[in-house]
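Every read-out reported here was derived from the displayed coordinates using simple, explicitly stated rules and does not represent laboratory data. This structure is a prediction, so every number in the text was calculated from the model and none was measured. Ideal geometry is used to build each Cβ from the backbone, glycine not excepted, and the neighbour counts take in all protein chains shown.
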DNA sequence: GCCTGATATTTGAAGCTTAAAACAAGCCGC
DNA sequence: GCGGCTTGTTTTAAGCTTCAAATATCAGGC
């Protein structure tokens, strides 16, 4: 497989490491990926935490509400809860509660879809739109301040690399999901005596 | 009201854009940073979500518990709750509850520090260590699978760029914290009639 | 029209998370 | 050795989040 880490670790290796040492050192094969992931996670946790803090301090609003409003502001025609759920990558049940509170506070308007009686279409109210506009201006400045350490070329390079990782992550997730679906199908057939 | 029905608002529009349009387009100055942040956030959300799902599916464990155990496995002499809180970048109160549940399940051992009677020192139990070892092996493979799309050079480049962003983020956060502290000091002086 | 499977949403239980307030104990300068 | 500040932890209230189960509706095939 990927022998990237210049496989010169072959030579000695007399006594196989015991479990303990293995577990502690073990990053063995994939240390680089693990470090990358940890740095990525640390960074987004830092930024997210700071944005959360500032939103609360300056506007007394929570980050999830801001995020939801950010989705809605780009959809003047409204979105269904499912749409929001997919875009925000959170569960359906989560969105239900979030929307409930935003309707309560008058930022969001919710009505049954005219074409699908199962679905709710939600939109920002005028108040919601105004509130979001005010927040978005500062939010953007915060992000620019925090991510401002790169020049245009670096920024573009980073964007590209993140895109590449995103693609391979997507692939890994999809492959896993397919495998799970397949397994479920098989089990189901086995259980019900489906096509042998 | 909202003339959503595709007004084909392209052609005319002679007048300078109003607030609405501005707000929508406004990424104006800092569009690149905003896009970068969104991509970063999307990526870490994707990975984190998948790891969470797999940990639950394979080991019936939550991600925060895994993360806490990952901190402890590297500290055979134990850590205080505060240490953990800082390393995980979560609130103190959060750690209290998390540790409570891990002690309950027998993965973690907790005792009062011998040198500071305020502090609790926590360690993995043998069971906790064994359980973590098993999980860590798969976890590492998952990460390698998801982040596997880069060659060594790209990986290193990404690491460097993330480091750079992390540094500038750190700077921005610290500057803000200092400003807040300063403001608090000033207010406090004003209120109590401190040094003019 | 009726069944079957898919989709949209809600609900409930459990757990995670934060912020803020309350304590307890350490540290320090006088 | 006593105030006063700092640090370590817990507690509480509110909100976020997930998963899984329950509802309701839709869409197709027959």
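Treating the point 7 Å from Cα along Cα-beta-carbon as the label, what are the nm separations from residue B:152 to the other copies, to one decimal?
Those separations, rounded to one decimal, come out as 3.4 nm.
Going 7 Å from Cα along the Cα-Cβ axis for the label, what nanometre distances separate residue A:182 from the same residue across the other copies?
Nearest first, the other copies' label points are 6.1 nm away.
Given the Cα-Cα distance of residue B:130 and residue B:42 and 0.36 nm per residue of separation, how much length would full extension add, in nm?
Computed gain between residue B:130 and residue B:42 is 28.4 nm.
Classify the range A:132-171 as rounded, prolate or oblate, taking a ≥ b ≥ c as the square roots of the eigenvalues of its Cα gyration tensor: rounded when a/c is under 1.5, otherwise prolate if a/b is larger than b/c and oblate if not.
Verdict is oblate for the range A:132-171.
How many partner chain Cβ atoms sit within 10 Å of a residue's Cβ in peptide B:136-143, on average, as a whole number?
5
Ordered shortest first, which distances in nm separate the 7 Å Cα→C-beta label point of residue B:119 from those of the other copies?
Ordered by increasing distance: 5.6 nm.
So the label point goes 7 Å from the Cα of residue B:164 along Cα→C-beta, right? Which residues of the range A:148-179 then have their backbone N under 13 Å from it?
Inside the label zone: A:148-161.
Report the calculated FRET efficiency for residue A:77 and residue A:52 (r = Cβ-Cβ distance, R0 = 30 Å), to the nearest 0.05.
It comes out at approximately 0.55.
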